[in-house]
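The values are calculated or read from the model by the stated rules, or taken from the named source; none is laboratory data. Computed from a predicted structure; not experimentally measured. Only protein heavy atoms, including side chains, enter the accessible area calculation; ligands, DNA and RNA are left aside. Shrake-Rupley method; radii C 1.70, N 1.55, O 1.52, S 1.80 Å.
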Amino acid sequence: MCVFAFASSAAAQTGGAGAPADPAAPAPTGPPGKATLLANGQALAPANAPPQVVSAIAAANAIATYPYVWGGGHRSFISNGYDCSGAVSYMLHGGGLLPSPLPSGR
């Protein structure tokens, strides 16, 4: 997950604004097995992945074009940009695995 989050953070430096896409929306999936990285930098969870993984990858995709903002995503999951740990917190929250943002030191 961290590798994907770092890729998302790098891609996030190209722009983005407003609230991320609805993480409750159905997420597309790829073939069973491993996640698929698309040419546009988005990822597809494998069709046989647990729902939490599918949702976490969809959440990371939702913020992939947001800019890098130091401290972004720590006060609230909704932000105009994210730093690395803020992006990881957002992704884990999207998968239903984290109830509130965490700083990188926790």
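Rank these residues by their accessible area, most exposed first, probe 1.4 Å: Val88, Val69.
Greatest to least solvent exposure: Val69, Val88.
Express in Å², to the nearest 10, the accessible area of Tyr68 obtained by rolling a 1.4 Å probe over the protein heavy atoms while all chains stay in place.
100
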